[in-house]
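Q: Sharing a structure below in structure tokens format, with a few things to ask.
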Amino acid sequence: MAKPIKEEIKPCPRCGHTEAEQVQFTWWGGILGAAMLHQVKCKKCGLEYNGQTGETNQKNIWIYSAIVFAIILVVILIQAFLHR
């Protein structure tokens, strides 16, 4: 679910429209990822992008996902090591 943004946002990198809604949840980052990356959705074309920078979050999403994966892997390895 999206809600209107109160702070100033950058225009959409695809269509240049300046109205967007803050994204509350994403499949890749849940609530935390969307908030950390300032994810917004353009009201005109529907593109999701970083409202602070005006750029897509593609690279940041990959980095975020890799960090989350690494943390999960470390936790699993620690659990396996402790339960030998």
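The values are calculated or read from the model by the stated rules, or taken from the named source; none is laboratory data. The structure presented is a predicted model; accordingly, all values stated were derived computationally and were not measured. A quick note on method: Cβ atoms are made from the backbone with ideal geometry, for glycine too, and the neighbour counts reach across all protein chains shown. The accessibility values were calculated without ligands, DNA or RNA, using every heavy atom of the protein model including side chains. Shrake-Rupley method; radii C 1.70, N 1.55, O 1.52, S 1.80 Å.
Q: So, of the residues in the stretch 39-50 that are open to solvent by 40 Å² or more (accessible area, probe 1.4 Å) and in contact with a Lys or Arg (Cβ under 7 Å, 6 or more places away or on another chain), which turns out to be nearest to Ala66 (Cα to Cα)?
A: Checked the stretch 39-50; the qualifying residue nearest to Ala66 (Cα to Cα) is Glu48.
Q: For the stretch 15-38, state whether one or more residues are touching a Leu at 6+ places or on another chain (Cβ under 8 Å), of a type in the set (Ser, Thr, Tyr), open to solvent by less than 70 Å² (accessible area, probe 1.4 Å) and not in a loop (DSSP other than H, G, I, E, B).
A: The answer is no, given that none of the residues of the stretch 15-38 is touching a Leu at 6+ places or on another chain (Cβ under 8 Å), of a type in the set (Ser, Thr, Tyr), open to solvent by less than 70 Å² (accessible area, probe 1.4 Å) and not in a loop (DSSP other than H, G, I, E, B).
Q: Can you find, within the stretch 43-67, the residue that is nearest to Pro11 (Cα to Cα) among those that are free of Cβ contacts under 8 Å to residues at least 12 places away in the same chain and either of a type in the set (Phe, Trp, Tyr) or part of a helix (DSSP H, G or I) (or both)?
A: Gln58
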